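Notes follow the structure.
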Amino acid sequence: MDSDVDHYDVLGLPSGEEGAKLSEKEISKAYRLKALELHPDKRPDDRNAHANFQRLKTSYEVLKDEKARKLFDDLLRVKRDKIRRQSQHDSKRRKMMSDLEERERASFEPDPRKKAQDEEERIARKLKEEIAKIRAMHANKASATTPSPMKKETAAGGDKESTGGGSRSSLDKEKVLKVTWEKIGVDYTAQQLTELFGQFGEVEDVVIKSSRKKGSALVVMTSKDAVAAACGNVLGDLSNPLLVVPLVPSNPPYASPPFSSASKEEPNGPAFTNLVGAGYKSFEDAVLEKMRKAAQRQK
């Protein structure tokens, strides 16, 4: 259609507001240059040369006529306005769509205040859990370091070895034997003591306390009869004999004679059944020395 042809563009001239300011002289000069270029004699192999040259002439006639050129300029201006309005409409429409999408996103997003509150509650909950873990850890450490009644009984120092039932809430001291030996020759373990005293009754626990020069142990029996049977009957190895006494001195038949009578014992060894009583601690070392000498004489 002729209304769709930009006559300024056909002549190689700028269109729009700039084209409307061109003079007739400038239009004629542009036509002559373009005619020399598009003349059919110059383009014998171009099948569209004649049609292109005719279109060039038509555009020149339109722009040369003052009335036709004014109408054409008005047509170009209307088209430009239409394009501008369309562009503005599209811009507004795009903005409207963008605002609508933004509102939709905002409607689905959580409330910032609620989100902050949830985050605060989550952190507080985690902190509470960590504090509970720390308290539980400290409580476990405290319970692990709290000595049992048996450990309190032997807390005077030295290395300790124990077998049997472990800690107890209460301990019957009349069922406990105190065993001592010198740190020479054969040493004793909790297992060995359990086997030795197990011949006279069930052994509930054995706690060994060792020092450099002397070894001692507490042997917990399950009954008082077992304590009575073990006293005076458990000797251990002759190279390092055991001295066995009740932890709590009891009435006869376990009462020991006065210390003066102990000094009159025969040189071939003391009677172990008479070592239990209130005075056994004062001559314990002397008895062990005599037993060592007796063992050496036998060898």
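Considering every residue within the stretch 172-179, establish whether at least one is modelled with pLDDT under 85, acidic (Asp, Glu) and under 49 Å from the mean Cα position of the chain (by Cα).
The answer is yes, given that some residue of the stretch 172-179 is modelled with pLDDT under 85, acidic (Asp, Glu) and under 49 Å from the mean Cα position of the chain (by Cα).
Restricting to the stretch 64-78, give me the number of residues that are under 14 Å from residue 27 (Cβ atoms) and open to solvent by 80 Å² or more (accessible area, probe 1.4 Å).
Residues that pass the stated criteria total 3.
Can you name the residue in the stretch 24-60 that is in a loop (DSSP other than H, G, I, E, B) and among the charged types (D, E, K, R) and is also most open to solvent (accessible area, probe 1.4 Å) among such residues?
My answer is 47.
Can you name the residue in the stretch 168-191 that is of a type in the set (Lys, Arg) and in contact (Cβ under 8 Å) with a residue 60 or more places away in the chain and is also least open to solvent (accessible area, probe 1.4 Å) among such residues?
Ranking the qualifying residues of the stretch 168-191, first place goes to 178.
Restricted to the stretch 3-23, and to residues that are at pLDDT below 90 and surrounded by fewer than 12 Cβ atoms within 10 Å (Cβ to Cβ), which residue is farthest from the chain's Cα centre (by Cα)?
21
Is at least one residue of the stretch 235-258 more than 22 Å from residue 296 (Cα to Cα), touching a Cys at 6+ places or on another chain (Cβ under 8 Å) and at pLDDT below 80?
Taking every residue of the stretch 235-258 in turn, at least one turns out to be more than 22 Å from residue 296 (Cα to Cα), touching a Cys at 6+ places or on another chain (Cβ under 8 Å) and at pLDDT below 80.
What about residue 194, is it modelled with pLDDT of 85 or more, surrounded by fewer than 19 Cβ atoms within 10 Å (Cβ to Cβ), of a type in the set (Val, Ile, Thr) and out of contact with any Ser or Thr (no Cβ under 7 Å at 6 or more places or on another chain)?
Taking the combined requirement at face value, the residue does not satisfy it.
Every residue, every condition in (1) open to solvent by less than 90 Å² (accessible area, probe 1.4 Å); (2) among the basic types (Lys, Arg); (3) assigned to a helix (DSSP H, G or I); (4) touching a helix residue (DSSP H, G or I) at 6+ places or on another chain (Cβ under 6 Å), yes or no:
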position	(1), (2), (3), (4)
62	yes, no, yes, yes
80	yes, yes, yes, no
95	no, yes, yes, no
106	yes, no, yes, no
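The values are calculated or read from the model by the stated rules, or taken from the named source; none is laboratory data. These numbers come from a predicted model, not from an experiment. Please note: Cβ atoms are built from the backbone with ideal geometry, for glycine as well, and neighbour counts cover all protein chains shown. Please note that ligands, DNA and RNA were not included when accessible areas were found on the heavy atoms of the full protein model with its side chains. Shrake-Rupley method; radii C 1.70, N 1.55, O 1.52, S 1.80 Å.
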